[in-house]
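Taking it in order: structure first as structure tokens, then the write-up.
None of the figures in this text is laboratory data; all of them are computed from the coordinates on show. These numbers come from a predicted model, not from an experiment. Positions of Cβ are backbone-derived with ideal geometry, glycine not excepted, and every protein chain shown enters the neighbour counts.
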Amino acid sequence: MRHPVTPDGRYFVVRGRLWRMANPQLPAEVRESLVKRLMDARRRLRGNPDETQRQATRAEIDQVKRELGERGPVWWTDGAPDCNRRLAKNTPYAGWYENLPARGDED
């Protein structure tokens, strides 16, 4: 993977921000189906000037991301807080993030 992943596998980092990973407990066929739906929906957004259709497609994308576990309730059960979309340096992952090798575009 091109972006660093936290040691617990919950997040990947882009430009210093944590983004929640998909639930690793999902069966492969379910995950593949959801990712296909997500990519199809994202393609439908491109070049579609109809705002009503765009809103419906965005809602579909949100739903699929929730089914993947990337949004909504967290998929882990140890009570750890959700740090999704937060700057890594302002989370419990700060020490790990600071010790990563040269991050290039991650700064």
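The convex hull of the Cα atoms of the chain, projected and averaged over all directions, covers 8.0 nm². Against the chain, whose longest principal axis is taken from its Cα atoms, helix 28-45 shows a tilt of about 60°.
Distance between the pseudo-spin-label points of LEU100 and ARG37 (7 Å out from Cα toward the beta carbon): 3.0 nm.
Site pair ASP8 and ALA59 shows an inter-label distance of 3.4 nm when each label is modelled 7 Å from Cα along Cα→Cβ.
Computed over region 1-42, the alpha-carbon pair-distance distribution with 5 angstrom bins reads 5, 21, 21, 21, 24, 7, 0, each value a whole percent. Which log10 I(q)/I(0) values, to two decimals, does region 27-69 give at q = 0.24, 0.26 Å⁻¹ under the Debye formula with one point per Cα? Ignoring solvent entirely, the Cα scatterers give -0.76, -0.84.
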